[in-house]
1. Give the average, rounded to an integer, of partner chain Cβ atoms located within 10 angstrom of each Cβ in A:34-41.
2. When the Cα atoms of segment B:21-153 are enclosed in a convex hull and the volume is divided per residue, what value in Å³ results?
3. Chains A and B: what accessible area do they bury, summed, in square angstrom to the nearest 100, with a 1.4 Å probe?
4. Among B:55-64, B:11-20, A:6-15, how do they line up from the highest to the lowest mean number of other beta-carbon atoms within 10 Å?
5. Per residue, how much space in cubic angstrom lies within the convex hull of the C-alpha atoms of segment B:49-93?
6. So what are the radius of gyration and Dmax for the Cα set of segment B:81-178, in Å?
7. Regarding segment B:103-159, what are the three Cα extents along the principal axes, ordered largest first, in Å?
8. Taking all pairs of distinct Cα atoms, average 1/r, flip it, and tell me the Kirkwood hydrodynamic radius of segment B:66-120 in Å to one decimal place.
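The values are calculated or read from the model by the stated rules, or taken from the named source; none is laboratory data. No experiment lies behind these values; they were computed from the predicted model shown. Ideal geometry is used to build each Cβ from the backbone, glycine not excepted, and the neighbour counts take in all protein chains shown. We work out accessible area using only protein heavy atoms, side chains counted, and drop any ligands, DNA or RNA first. Shrake-Rupley method; radii C 1.70, N 1.55, O 1.52, S 1.80 Å.
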Amino acid sequence: MPIVINLDVMMARRKMSLNELSGKVDMALANLSILKTGKAKAIRFSTLEALCKALECQPGDLLEYTDS
Amino acid sequence: MAYKTKTRTEQILKILNILAWLAFTGFMIEAGSIVVSYIVSIINPMAAQKMYKALNLESLKQFSLMHYTIHVSFMVLLPLLKSLVWFMAIKAISKLNMKNPFKMEVALQLEAISYVLLGTWIIVMLNTAHTEWLIKNTGEKLVNGDSGEFIFAAGLVFIISQVFKRGVEIQRENELTV
């Protein structure tokens with residue numbers, strides 16, 4: 001898929017673990033893992049909003065379009 | 001209300017499973033009876049007079065053993081294919097879970113059923129052609145089967161299997177929506 005989720009990059013920048021993020025955004029580890037590994041087919045605005053809030057970033061920091 | 005519907009669907013599936021087993025067993029018995037009748041008729045020529053369901057094929061046997069064998073083979077093949085369809089239906093029903101119905105296994109099983117039904121239709125068509133040829137050449141009073149129902153069922157089951165496949169894709173997408 002040409003849309004890449006840079007969740008791991010943002011987590012590294014904020015020095016935040018998956019467990020910590022899971023607690024902050026109130027999401028299951030399994031769902032965050034789906035996002036992190038790029039298996040996700042879609043993302044809800046509410047999830048994106050929660051992630052942006054927890055990681056103090058913009059949606060563009062999490063999502064990237066690659067022409068490949 | 002939802003609970004009642006769920007219970008009713010599960011009950012229907014259970015009844016369908018029992019009916020499918022009955023149909024499968026019945027068609028297997030029919031095929032077996034014809035095979036036994038055929039073997040007995042080869043050993044004892046008089047047996048061709050009273051075959052399965054009091055079918056009299058003695059004159060056909062006297063006309064040609066080859067055509068008699070072909071005709072009996074079609075008579076065996078049809079219940080065998082029907083029982084195969086029912087067995088595949090049993091397998092599909094057993095894999096069906098109403099809580100999570102869209103499974104690729106069920107979709108593939110339904111698609112396979114449609115192919116077997118298509119094959120059955122071809123066999124019935126061949127049988128019809130052969131029977132018509134026999135009626136024309138021997139004047140024998142033979143019964144011709146109807147093939148229309150098989151192609152209709154094959155088409156219908158194939159469409160259902162494709163809808164099921166799309167259902168599996170949508171369910172997978174839904175599961176992978178975070």
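1. That works out to 3 on average.
2. Per-residue hull volume (Cα only) is 103 Å³.
3. Counting protein atoms only, the buried area is about 700 Å².
4. B:55-64, A:6-15, B:11-20
5. Convex hull volume per residue, Cα atoms: 51 Å³.
6. Rg then Dmax for segment B:81-178, in Å: 18.6, 71.
7. Rounded to whole Å, the extents work out to 52, 13, 11 Å.
8. Here the Kirkwood hydrodynamic radius works out to 12.6 Å.
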